[in-house]
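K.L.:
I'd like to ask some things about the structure below.
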Amino acid sequence: MPELPEVETVRRGLQPVMEGAKILVAEARRPDLRFPFQPDFVARLQGQLVTGLGRRAKYLMADLASGDVLLMHLGMSGSFRVIKSDNDAAPGEFHYPRAKDSTHDHVLFRMSSGADIVFNDPRRFGYMKVIARNALDEEPLLRGLGPEPLGNAFDAAMLAGSCAGKTTSLKAALLDQRVVAGLGNIYVCEALHRSHLSPRRIAATLSTKKGEPTDHAKRLVGAIHTVLNDAIKAGGSSLRDHRQTSGELGYFQHAFKVYDREGETCKTPCCGGTIKRFTQNGRSTFWCAKCQK
């Protein structure tokens with residue numbers, strides 16, 4: 001499933017053709033994706049001006065002039081592609097030729113910017129929903145989400161406070177969307193390695209007895225910021241289905257320090273350890289036992 005950097009990459013790809021443009025035509029080509037489309041889904045979108053395109057955790061959020069918000073989730077295999085009549089750019093180094101079969105093109109937005117935006121989802125785990133902006137706080141899909149890891153409010157003190165008293169592993173805490181929103185398995189593994197913290201470490205060790213952030217918390221927040229920003233610059237990680245809106249593959253997977261590198265030598269300078277994998281809370285964890293404590 002795409003994680004925060006992949007979703008942010010998609011947002012930046014859609015922004016130039018979606019933000020400030022009207023949805024001239026909206027088509028839902030089947031009755032459902034992961035959930036059924038609302039009966040008035042098309043009617044609430046057609047003719048609406050998109051005033052802003054944002055992201056909350058792993059959700060894309062298109063603000064409409066009507067006061068509604070179009071909430072979009074990529075699911076397991078969902079991707080957007082932008083079709084422009086004047087788009088003659090050469091494919092990039094990691095270009096992936098998309099299938100010509102339109103069987104899985106389930107939603108289309110024809111924009112006044114001159115672009116068609118097509119949502120393709122073979123497994124249909126993605127979803128879209130139109131929600132009134134003033135009802136977002138009560139939306140079950142969003143309610144209870146923690147702070148954005150790239151937001152100004154997310155710092156060592158906030159993370160330490162969220163982890164205070166938690167006896168779960170540090171990795172489990174970071175994957176808890178109530179603690180921090182949008183982090184997934186790949187980037188948690190990478191951030192823990194960069195901060196030299198063990199995924200087995202107890203989460204409460206990020207906080208002192210007085211509730212203040214430890215040096216561990218400060219290192220971890222810095223590592224989270226760095227790894228997410230690096231991944232966004234690289235266009236995300238294309239391990240399975242993720243594609244940018246241009247069709248290009250993200251390439252952050254070429255910069256992984258630990259993820260999917262079982263048996264290889266640790267890249268931490270002067271470490272010399274070996275990357276190992278074990279199952280933790282049903283997910284593969286990659287780490288270096290020598291430099292992550």
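K.L.:
Condition first: of a type in the set (Lys, Arg) and either crowded, with 17+ Cβ neighbours inside 10 Å or free of Cβ contacts under 8 Å to residues at least 24 places away in the same chain (or both). Now tell me which residues in the stretch 164-184 satisfy that.
P.N.:
Lys166, Lys171, listed by residue number.
K.L.:
Determine whether the stretch 48-55 contains at least one residue that is buried (at least 19 other Cβ atoms within 10 Å of the Cβ), in a strand (DSSP E or B) and in contact with a Ser or Thr (Cβ under 9 Å, 6 or more places away or on another chain).
P.N.:
no
K.L.:
Separate question: Search the stretch 123-138 for residues being surrounded by fewer than 16 Cβ atoms within 10 Å (Cβ to Cβ) and outside any strand (DSSP E or B), and hand back the single one that is nearest to the chain's Cα centre (by Cα).
P.N.:
If we take residues in the stretch 123-138 being surrounded by fewer than 16 Cβ atoms within 10 Å (Cβ to Cβ) and outside any strand (DSSP E or B), then Phe125 is nearest to the chain's Cα centre (by Cα).
K.L.:
Of the conditions (1) under 15 Å from Arg55 (Cα atoms); (2) of a type in the set (A, V, I, L, M); (3) surrounded by 16 or more Cβ atoms within 10 Å (Cβ to Cβ), Val118 fails just one. Which one is it?
P.N.:
(1)
K.L.:
Which pairs have Cβ atoms under 9 Å, sit 6 or more apart or on different chains, and link a residue in the stretch 102-122 that is on the phi > 0 side of the Ramachandran plot to one that is buried (at least 16 other Cβ atoms within 10 Å of the Cβ)?
P.N.:
Within 9 Å, the pairs are Gly114/Val17; Gly114/Ala21.
K.L.:
Among the numbered criteria (1) free of Cβ contacts under 8 Å to residues at least 12 places away in the same chain; (2) part of a helix (DSSP H, G or I), which single criterion is violated by Gly151?
P.N.:
Of the numbered conditions (1) free of Cβ contacts under 8 Å to residues at least 12 places away in the same chain; (2) part of a helix (DSSP H, G or I), the odd one out for Gly151 is (2).
K.L.:
Hey, any hits in the stretch 25-46 for a residue that's assigned by TED's automatic domain parsing to the domain that holds Gly114, acidic (Asp, Glu) and in a strand (DSSP E or B)?
P.N.:
Yes, the stretch 25-46 contains at least one residue that is assigned by TED's automatic domain parsing to the domain that holds Gly114, acidic (Asp, Glu) and in a strand (DSSP E or B).
K.L.:
Which residues, counting only those in the stretch 185-198, are surrounded by fewer than 22 Cβ atoms within 10 Å (Cβ to Cβ) and of a type outside the set (Gly, Ala, Ser)?
P.N.:
If the condition is that a residue be surrounded by fewer than 22 Cβ atoms within 10 Å (Cβ to Cβ) and of a type outside the set (Gly, Ala, Ser), then Asn185, Arg194, His196 are the ones that fit.
K.L.:
So, one more: Which of the residues spanning the stretch 108-148 are within 28 Å of Val82 (Cα to Cα) and among the acidic types (Asp, Glu)?
P.N.:
Asp116, Asp121, Glu148
K.L.:
Here is a follow-up. Quick one: how many residues across the stretch 72-88 are modelled with pLDDT under 85 and assigned to a strand (DSSP E or B)?
P.N.:
Looking only at that region, the number is 1.
The values are calculated or read from the model by the stated rules, or taken from the named source; none is laboratory data. Computed from a predicted structure; not experimentally measured. Cβ sites come from the backbone with ideal geometry, for glycine too, and all protein chains shown count toward neighbours.
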